[in-house]
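Just below is one structure, and these are the notes that go with it.
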């Protein structure tokens, strides 16, 4: 017995001696080979970490950890995001993931997440060789191909993050064997097929995210057996069928995402109070859900954010919603809901956002809503409310900053009490109503206003000079009114801050007659969308329009603009839409227009242009209709020019 013990001690001592040299652990030969093959597959590493991998003592290499006893590599941590004392930056690894990484058979953590240039495939043998793996982070790369079926043999795996890649194929049913898994992230890939029923075996899952793929079929019927699930996201897929009944039995789920699919059928919910008492976030938007919102919806007592938007839900908004004392956001927009807003909505003391736009809601707004002291955003647009006027109590809510009442039947002038709201208005949408009168000068006092939409009304006045005070204005939409005079004030917004926030301007379908000569002179250079069509503008397009470097869409059609087309339009390198039809432009089309490489929509028809159309892309790719009505034009795509 004693001699056998001495032999064992001798062997163990030999192992220690052969794995320790000068106090350092020597890298196992298989591990060293695997790491060198991995490094050989990378031709660019902006972090510089792999460049320091020299010699044979891999346990001292940056990002590598080893077991102090066996000397085997247990962790590879080379995440793309690197934190320093002063900043966080994302590094890149250009190259391919070597399958030899599976030679490191003692690996417990493999973290290559966020290396945005790392390509290749997940090694097919990963499940056979890396059976000690607990954490696998291969997200945010350029990996392609399928998830190998062998991955189901990683029985110790707790974290699997493969999101934001280019992975494809069907999800292997063997994933259901990973019973120790608590987080499974496969979102933002190109997976197809059905969600395997075997996923319901993953009873330790806390977070499951499959959104933004091409998955189809039904949600697994027994999904409710995932009793510790806190986050579930199946959004942005092609799922169909009903929400399985078992789902309502989840008792510890805190986040549920099922949006952007093609689910059908009514929403089943528990019939007794508290069956989903921990549910905090519920998102079912952008589906084809039908039926009514369950009457006991308000029994989801812990609900903080709820979205049933963009479905086909019908019937009344249940009064039980008033029980949701923790609710901060409620999205019911884009359905076929009818009836009135229940008075119990006024009990939602923590509600900050309420959206029921694009429904069939009728009647008056309940005065109880004046109790919503924390409400910041309200969107009642495009219902059958027929408000006639804006309730004064609405403008007295202390936190309200975004008011959207488009298409609500509002009549009369813009009420002056909007001038003195307790919380500065940041967004005001009163479009598609029956407003009359003028644009009030006090609009210029709403100095924190970012978005103003008064389009499709019957407003008749000039644009007040005070509008130039709106230095934070980003969106201005006044189209389809009876506005007159000059548009110059609009282009004077932000002259003191030329790099300001103004990006969207639509003044089309009015009766403006001047001011176009100021385009680009003092306008903010961040303007991306500019529509002045269907007015009575005269003169010429100024050369200064070339200063609008961010411009993507320009529409000045159906005016009385003339003179030559300015070469400066070619400076708009981001321009995608250019509509100049039905004006009086003359002369030749500048050859510089060939520089508009991103142009997708062009209309120069019905002007006085002449000469040969500059040959080449993108002009040669547009149809005849883009140039018709100019008697002097010739060349492709029109008839050839005469010699």
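Just so you know, all these numbers are worked out from the coordinates, no wet-lab data involved. Treat the numbers as computed from the prediction; the structure is a model and nothing was measured. Cβ sites come from the backbone with ideal geometry, for glycine too, and all protein chains shown count toward neighbours.
For the chain, find the longest principal axis of its Cα atoms and tell me its angle to the long axis of helix 29-40, 0 to 90°, nearest 10. Tilt relative to the chain: about 20 degrees. When you restrict to C-alpha pairs under 8 Å that are six or more residues apart and normalise by the size of segment 164-210, the relative contact order lands at 49 percent. Classify segment 298-347 from the C-alpha gyration tensor, please: rounded if a/c falls under 1.5, else prolate or oblate depending on whether a/b exceeds b/c. Oblate, because a/c is 1.5 or more while a/b does not exceed b/c. Our estimate of slack between residue 521 and residue 131, defined as 0.36 nm per intervening residue step minus the Cα-Cα distance, is 133.7 nm. Footprinting exposure proxy ranking of 61, 442, fewest other C-beta atoms within 10 angstrom first, gives 442, 61. Here the spin labels are modelled as points 7 Å beyond Cα on the Cα-Cβ line, and at residue 87 and residue 362 they lie 6.1 nm apart.
Ordered by the count of other Cβ atoms within 10 Å of each Cβ, fewest first, 290, 203 give 203, 290. Once you have a ≥ b ≥ c as the square roots of the Cα gyration tensor eigenvalues for segment 389-520, tell me rounded if a/c is under 1.5, and otherwise prolate or oblate according to whether a/b is larger than b/c. In terms of gyration-tensor shape, oblate. If r is the Cβ-Cβ distance from residue 373 to residue 643 and R0 is 56 Å, what FRET efficiency results, to the nearest 0.05? The calculated FRET efficiency here is 0.10.
Counting alpha carbon pairs within less than 8 Å and at least 6 residues apart, what relative contact order, in whole percent, applies to segment 586-642? Intermediate results must be reported in sequence, preceding the final value.
Values: 91 pairs, mean separation 20.8, N = 57.
Reported relative contact order: 37 percent.
Overall shape: oblate for segment 29-101, with the ratio a/c of the largest to smallest alpha carbon gyration tensor axis at 1.5 or above and b/c at least equal to a/b. Across segment 586-642, the volume of the C-alpha convex hull divided among the residues equals 68 Å³ per residue. So in the chain, what percent of DSSP beta bridges are antiparallel if you round to the nearest 5? Of those bridges, close to 10 percent are antiparallel. Computed from Cα positions, the angle between helix 2-19 and the longest principal axis of the chain comes to roughly 40 degrees.
Contact order, relative form, for the chain: 4 percent (alpha carbon pairs under 8 Å, 6 or more residues apart, mean separation divided by residue count).
How do 475, 88 line up, fewest other C-beta atoms within 10 Å first?
88, 475
The helix-only estimate of mean residue ellipticity at 222 nm for the chain, built from DSSP H runs of length n ≥ 4 each weighted as -39500 (n - 2.57), is -1500 deg cm²/dmol after division by the residue total.
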